[in-house]
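Single-structure report; data block below.
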Amino acid sequence: MHIASVDPANISDACGAQIRAIDGYWKKSNGIFRSDIPLHNSLLHYKCEADGEHLPKMGFTGPNSFLAQVMEGQFGNDASKAVQTQDGKFVQAVAPAFIKAAAGHLVADRISMEVTPPGHLKPYFVDYFRLIRRFQIGFTGLRTPKYFLSVLVVPTDEWRLSHHTEFPDAMRLPGRN
Amino acid sequence: MNAKRLLEKEAEAFAKVFEDTGSLILLPFLDALMNDYDGKTDFRDFTREERREILLNTRRMMEILEDPKEDEG
């Protein structure tokens with residue numbers, strides 16, 4: 001397992017444009033959610049709380065998000081919960097960053113580790129970038145601001161190449177099975 | 001422009017389902033949610049499944065907003 005922080009402005013992978021779009025939007029809007037947000041259907045919204053051991057409660061799963069794509073809706077509506085119950089190690093590894101994010105700091109990481117999806121006995125290698133940002137929903141000037149956490153998860157180029165489903169053998173990276 | 005306005009009305013209609021607990025807070029979220037469905041300009045374009053999806057996502061967000069723990073801080 002390896003988690004390293006990255007600079008969202010300097011990611012050369014194919015998904016870099018997506019990360020920059022979201023990162024730039026949050027910077028520009030100062031963390032306030034407006035309806036003109038780009039790539040909204042690739043985002044996941046979580047409750048703004050963190051205990052460092054569990055993932056927060058999930059609010060919104062974008063239909064185009066990486067999580068939805070990987071799970072393909074085969075584990076019901078709560079794909080995130082399904083992974084958590086199956087693979088506690090994964091949750092323990094990724095949950096601490098949510099503390100930092102819930103306090104209002106930007107989290108940008110590259111995560112390389114193995115996860116065990118529900119119903120699988122063998123762990124799978126995953127390699128992805130994540131961008132976690134606290135945002136405020138509603139309108140400005142509420143007495144108690146309503147916060148959520150937005151998470152953008154996009155796979156790295158390496159993962160994309162090794163998991164190309166259309167031509168699995170042609171696209172496979174040398175040296176990785 | 002006209003098409004955009006129709007969807008805004010639809011967002012308001014969905015928000016009314018959760019009226020008692022601050023539908024205004026959810027309006028931008030609903031607006032963004034509906035813009036995700038490309039090419040849909042009118043509430044009649046949404047299929048039954050899409051409506052269910054919208055309502056489910058909105059209900060989950062609402063549940064988080066309504067959570068009593070949120071009021072402590």
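The values are calculated or read from the model by the stated rules, or taken from the named source; none is laboratory data. Given the structure is predicted, the values throughout are model-derived calculations rather than measurements. With ideal geometry, Cβ positions are generated from the backbone for all residues, glycine too; neighbour counts draw on all protein chains shown.
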Residue check, residue B:33 of a type in the set (A, V, I, L, M, F, W, C) and at pLDDT 70 or above: yes
Subset tally (residues that are within 13 Å of chain B (Cβ to nearest Cβ) and assigned to a loop (DSSP other than H, G, I, E, B)) for region A:1-30: 0
Residue within region B:5-21 that is within 12 Å of chain A (Cβ to nearest Cβ), touching an Asp or Glu at 6+ places or on another chain (Cβ under 6 Å), surrounded by 19 or more Cβ atoms within 10 Å (Cβ to Cβ) and at pLDDT 70 or above present: yes
Residue within region A:14-23 that is surrounded by 16 or more Cβ atoms within 10 Å (Cβ to Cβ), within 18 Å of residue A:147 (Cα to Cα) and not β-branched (Val, Ile, Thr) present: yes
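May I ask you to say which residue of A:40, A:105 is closer than 23 Å to residue B:65 by Cβ, out of contact with any strand residue (DSSP E or B) (no Cβ under 7 Å at 6 or more places or on another chain), surrounded by fewer than 16 Cβ atoms within 10 Å (Cβ to Cβ) and not polar (S, T, N, Q)? Walk me through how you get there before you give the answer.
Values: A:40 fails: surrounded by fewer than 16 Cβ atoms within 10 Å (Cβ to Cβ).
Criteria check complete, one pass: A:105.
When region A:57-78 is examined, which residues are found to be in a loop (DSSP other than H, G, I, E, B), buried (at least 21 other Cβ atoms within 10 Å of the Cβ) and either modelled with pLDDT of 85 or more or facing chain B (nearest Cβ under 9 Å) (or both)? Before you say what the answer is, go through the steps one by one.
Just the residues of region A:57-78 that are in a loop (DSSP other than H, G, I, E, B), to begin with: A:57, A:62-65, A:72-73, A:75, A:77-78.
Filter once more, keeping what is buried (at least 21 other Cβ atoms within 10 Å of the Cβ): A:62, A:65.
The one that is in a loop (DSSP other than H, G, I, E, B), buried (at least 21 other Cβ atoms within 10 Å of the Cβ) and either modelled with pLDDT of 85 or more or facing chain B (nearest Cβ under 9 Å) (or both): A:62.
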Test set (1) closer than 19 Å to residue A:139 by Cβ; (2) out of contact with any Cys (no Cβ under 9 Å at 6 or more places or on another chain); (3) modelled with pLDDT of 70 or more - residue B:43 fails condition number: (1)
